[in-house]
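The values are calculated or read from the model by the stated rules, or taken from the named source; none is laboratory data. All values reported here derive from a predicted model rather than from experimental measurement. For neighbour counting, all protein chains shown are included, and Cβ atoms are generated from backbone atoms with ideal geometry for every residue, glycine included. In case anyone asks, the SASA skips ligands and DNA or RNA and just uses the protein heavy atoms, side chains included. Shrake-Rupley method; radii C 1.70, N 1.55, O 1.52, S 1.80 Å.
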Amino acid sequence: MKPKYILVSDWIRERILSGVYPNHAKLPSENEFVKKFNVSRQTVRQAINTLVCEHFVQRRQGSGTYVCYHSDKDKVPTQTIGVITTYFNQNIFPDMINGIDRVLKEHDYHMDLKVTYNQVIRERLILKSMLENNVDGLIIEPTKSALLNPNCDLYREVIQRQIPIVLINGYYTAFDFPYVSMDDYTAGKQNTVYLIQRGHTKLFGIFKSDDMRGHFRYSGFINTLQQYQLKFDDDNILWYVTEDLEKLFCPSNDQSILQRIGENTGIVCYNDEVAVKLIEVFQRNQKSVPKDYSMIGFDNSNLSVLCDIGLTSSDYPAKLIGIEAANRVLKMLQGLSVKCLLIPPKIIQRNSVKDNMVRESCESIIKRK
């Protein structure tokens, strides 16, 4: 059952969209709505506030509330696509943004790029600004995609204003927006299988808890351990959130991390950044990769090449994701329907994984499947 204020706002919105309350018309007073729906004045105010946030109505002090809805027919194209990513100049993002920009330029659109730094309040401010600037479409990387998003009202406004939107690197479960991403679940499975086939039966995983990609990669990891009938324990999973990454790998936490890893010989890291930070922990404590630990990352970013050992990593098709997302939003602007896309992963082998010599034979492990 919807809250009463939602029922009231839905009723008013429907009449605005159908023309019962035409643009610039004055709405009935709050008291009239109180009597009509038999609700409190506070409920009516909450309903009106919802419509104000969605740009359906506006309050004029001392005068009342007026319809200010502009339909898609009234909109003048800006040739601008709003692009919102969590970061800009690190890991996968430069290639992805370049892919988007290339396609948009080919079709005489320009990109309005903004960065949230994975903060929902920044996402809110950016979305509001882009809606006020009447962008023609949106390409958005969800912020803290594994958590309940407090900006649902703005995404509902995107739907109501019929603005084409494509998500990248994940999606929001509350909405049915098309998205383009790597198949992170399969990537998690592939990385885990790779370690097992190199003889590592005691595995440790580090995953990001506020990001949907972290949950998919974790699921692939755990399900593969079950598939191979290998023992796993909650203590062998280390979760972190965006804000705690630097603190997690500071020197004062070295012993805690080493104790958690314990006798595990293979480590699946959420991404290359985490893997490099963990390598630094080992170096500070006279341990090394792959001599003491074998390690695999995700994203195949510059970090995987620049680190001392050369990190084996699951390639993230960042540029292709950008290209596919841009093509989809342009098709939607033409009134065409588009499908979601999951891109299969592949492993780029380097030097961070070695065969585990004190182990069962690979043949006996594989037979467990």
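Mind listing whichever residues of the range 1-40 are more than 12 Å from Val67 (Cβ to Cβ), part of a helix (DSSP H, G or I) and touching a helix residue (DSSP H, G or I) at 6+ places or on another chain (Cβ under 7 Å)? Listed by number, the residues that qualify are Lys4, Tyr5, Val8, Ser9, Glu30, Phe33, Val34, Phe37. Restricting attention to the range 159-174, the residues that are buried (at least 19 other Cβ atoms within 10 Å of the Cβ), of a type outside the set (Phe, Trp, Tyr) and more than 17 Å from Phe93 (Cα to Cα) total 3.
Residue-by-condition table, conditions (1) out of contact with any Ser or Thr (no Cβ under 6 Å at 6 or more places or on another chain); (2) without any contact (Cβ under 8 Å) to a residue 12 or more places away in the chain; (3) part of a helix (DSSP H, G or I):
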position: Tyr117; (1), (2), (3): yes, no, no
position: Arg122; (1), (2), (3): no, no, yes
position: Ile126; (1), (2), (3): yes, no, yes
position: Ile139; (1), (2), (3): yes, no, no
position: Asn149; (1), (2), (3): yes, no, no
position: Leu167; (1), (2), (3): yes, no, no
position: Phe177; (1), (2), (3): yes, no, no
position: Val180; (1), (2), (3): yes, no, no
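Note on the range 300-345: among residues that are basic (Lys, Arg) and in contact (Cβ under 8 Å) with a residue 60 or more places away in the chain, the one that is least open to solvent (accessible area, probe 1.4 Å) is Arg328.
Only a single criterion out of (1) at pLDDT 95 or above; (2) open to solvent by 40 Å² or more (accessible area, probe 1.4 Å); (3) not in a helix (DSSP H, G or I) is not satisfied by Gln255, namely (3).
Among the residues of the range 79-89, how many are within 15 Å of the chain's Cα centre (by Cα) and either touching a residue at least 60 places away in the same chain (Cβ under 8 Å) or under 23 Å from Met332 (Cβ atoms) (or both)? Outline the logic, then answer.
Filtering the range 79-89 down to residues within 15 Å of the chain's Cα centre (by Cα) leaves 83-88.
When the remaining residues are screened for being either touching a residue at least 60 places away in the same chain (Cβ under 8 Å) or under 23 Å from Met332 (Cβ atoms) (or both), the result is 83-86.
Summing the residues that are within 15 Å of the chain's Cα centre (by Cα) and either touching a residue at least 60 places away in the same chain (Cβ under 8 Å) or under 23 Å from Met332 (Cβ atoms) (or both) in the range 79-89 gives 4.
Considering the range 290-299, the residues that are over 13 Å from Leu258 (Cβ atoms) and not small (Gly, Ala, Ser) include one that is most open to solvent (accessible area, probe 1.4 Å), namely Lys291. Looking across the range 223-243 at every residue that is assigned to a helix (DSSP H, G or I) and under 21 Å from the mean Cα position of the chain (by Cα), the one that is farthest from Leu147 (Cα to Cα) is identified as Glu243.
Yes/no matrix, rows are residues, columns are (1) of a type outside the set (Ser, Thr, Tyr); (2) over 18 Å from the mean Cα position of the chain (by Cα); (3) surrounded by fewer than 22 Cβ atoms within 10 Å (Cβ to Cβ); (4) at pLDDT 95 or above:
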residue: Asn91; (1), (2), (3), (4): yes, no, yes, no
residue: Arg102; (1), (2), (3), (4): yes, yes, yes, yes
residue: Asp112; (1), (2), (3), (4): yes, yes, yes, yes
residue: Glu123; (1), (2), (3), (4): yes, no, no, yes
residue: Glu141; (1), (2), (3), (4): yes, no, no, yes
residue: Leu154; (1), (2), (3), (4): yes, no, yes, no
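Across the range 77-86, the number of residues qualifying as open to solvent by 50 Å² or more (accessible area, probe 1.4 Å) and either touching a strand residue (DSSP E or B) at 6+ places or on another chain (Cβ under 8 Å) or among the aromatic types (Phe, Trp, Tyr) (or both) comes to 1. Within the range 258-269, the set of residues being touching a residue at least 24 places away in the same chain (Cβ under 8 Å) and either open to solvent by 50 Å² or more (accessible area, probe 1.4 Å) or in a helix (DSSP H, G or I) (or both) comprises Leu258, Arg260, Ile261, Glu263. Residues that are crowded, with 22+ Cβ neighbours inside 10 Å, farther than 18 Å from Pro344 by Cα and either at pLDDT below 95 or among the polar types (S, T, N, Q) (or both) within the range 188-228 comprise just one, Asp211. In the range 2-40, of all residues being hydroxyl-bearing (Ser, Thr, Tyr) and either open to solvent by 90 Å² or more (accessible area, probe 1.4 Å) or touching a residue at least 24 places away in the same chain (Cβ under 8 Å) (or both), the one that is nearest to Arg156 (Cα to Cα) corresponds to Ser9.
When the residues of the range 175-187 are filtered to those that are surrounded by fewer than 24 Cβ atoms within 10 Å (Cβ to Cβ) and over 19 Å from Glu324 (Cα atoms), the one that is modelled with the lowest pLDDT is Phe175.
Within the range 41-70, the set of residues being outside any loop (DSSP other than H, G, I, E, B), in contact with an Asp or Glu (Cβ under 9 Å, 6 or more places away or on another chain) and either among the aliphatic types (A, V, I, L, M) or open to solvent by 70 Å² or more (accessible area, probe 1.4 Å) (or both) comprises Arg41, Val44, Arg45, Ala47, Ile48.
Starting from the range 217-245, keep only residues that are more than 22 Å from Ser256 (Cβ to Cβ) and of a type outside the set (A, V, I, L, M, F, W, C), then list their pairs with residues that are open to solvent by less than 40 Å² (accessible area, probe 1.4 Å) and modelled with pLDDT under 95 whose Cβ atoms are within a distance under 7 Å, requiring at least 6 positions of separation or different chains. Filtered contacts from the range 217-245: Tyr228/Ile365.
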